[in-house]
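I have placed the structure first, in the form of structure tokens, so that the comments after it can refer back to it.
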Amino acid sequence: LQPDWVVRGLLVIAGIFLLTNLDNGYLWQDEAETALLARNTLKFGYPRAVDGHNRIEAEAFGYGPGESWIYSPWLPFYLLAGVFVVFGQSTWVARLPFALFGLLSIYLTWRFVCVLTSDRRIQRLSVALLTCSVPFLLHMRQCRYYAMTTALLLGVCLAYLAFLKEPTRQRALMVGLVLALLFHTNFGTFIPT
């Protein structure tokens, strides 16, 4: 299944919106929390809330053994730590993997709508609405779990529909894998899913 020229064009426009000027402005509080926990993951091997100089407040939850972060799942920190290893540490690099997940979310939305309907106008409109939604694009560009959660949730829906269409062991494993990734990205989204 290949996107038509309108969807391809919209994906290019969305990519421009999502990937340009990622270093415009400092990381705000929650973004900085994600980046610092990723940096600490590189240093200590796990998301540690204290690096020896700075302490990241964990609200009312406190810390786990070794002052480990227990407020939120760790997959985004490990992802960003890996990106830091490859590209170095900067504001642009901190936002890059999440912006790519945002672009993937728009593509997966198109795939999901294609499964639901063969109406090309609705397929195009779904991509156009996300490409033109400033709040959506802003959330997808942030160094936070939002874009990963969105892409994984769409992945769960697509995997589940594929499983319903043809229930095979491989498709059941795919649903389980994507659900596990979602669980380790955001508990709040995993539970209702």
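Here residue 125 meets the list (1) among the hydrophobic types (A, V, I, L, M, F, W, C); (2) free of Cβ contacts under 8 Å to residues at least 12 places away in the same chain; (3) outside any helix (DSSP H, G or I) almost entirely, failing just condition (3).
Working only within the stretch 62-99, note down all residues that are aliphatic (A, V, I, L, M), open to solvent by 30 Å² or more (accessible area, probe 1.4 Å) and free of Cβ contacts under 8 Å to residues at least 24 places away in the same chain. Outline the logic, then answer.
Step one: of the stretch 62-99, the residues aliphatic (A, V, I, L, M) are 70, 75, 79-81, 83, 85-86, 93-94, 96, 99.
Next, only the ones that are open to solvent by 30 Å² or more (accessible area, probe 1.4 Å) stay: 70, 75, 79, 85-86.
Passing the criteria: 70, 86.
Being buried (at least 18 other Cβ atoms within 10 Å of the Cβ) and β-branched (Val, Ile, Thr), is that true of even one residue in the stretch 143-150? Yes, some residue in the stretch 143-150 is buried (at least 18 other Cβ atoms within 10 Å of the Cβ) and β-branched (Val, Ile, Thr).
The number of residues in the stretch 6-61 that are open to solvent by 30 Å² or more (accessible area, probe 1.4 Å), farther than 14 Å from residue 143 by Cα, charged (D, E, K, R) and not in a helix (DSSP H, G or I) comes to 4.
Looking only at residues in the stretch 151-193 that are in a loop (DSSP other than H, G, I, E, B) and within 17 Å of residue 104 (Cβ to Cβ), the one that is least open to solvent (accessible area, probe 1.4 Å) is 185. For first residues located in the stretch 31-60 and free of Cβ contacts under 8 Å to residues at least 60 places away in the same chain, partners that are surrounded by 21 or more Cβ atoms within 10 Å (Cβ to Cβ) and of a type in the set (Ser, Thr, Tyr) and lie 6+ apart or on another chain with Cβ distances below 7 Å form the pairs 47/41.
The values are calculated or read from the model by the stated rules, or taken from the named source; none is laboratory data. All values reported here derive from a predicted model rather than from experimental measurement. Backbone-built Cβ (ideal geometry, glycine too); neighbour counts: all protein chains shown. The area values use the complete protein model at the heavy-atom level, side chains included, leaving out ligands, DNA and RNA. Shrake-Rupley method; radii C 1.70, N 1.55, O 1.52, S 1.80 Å.
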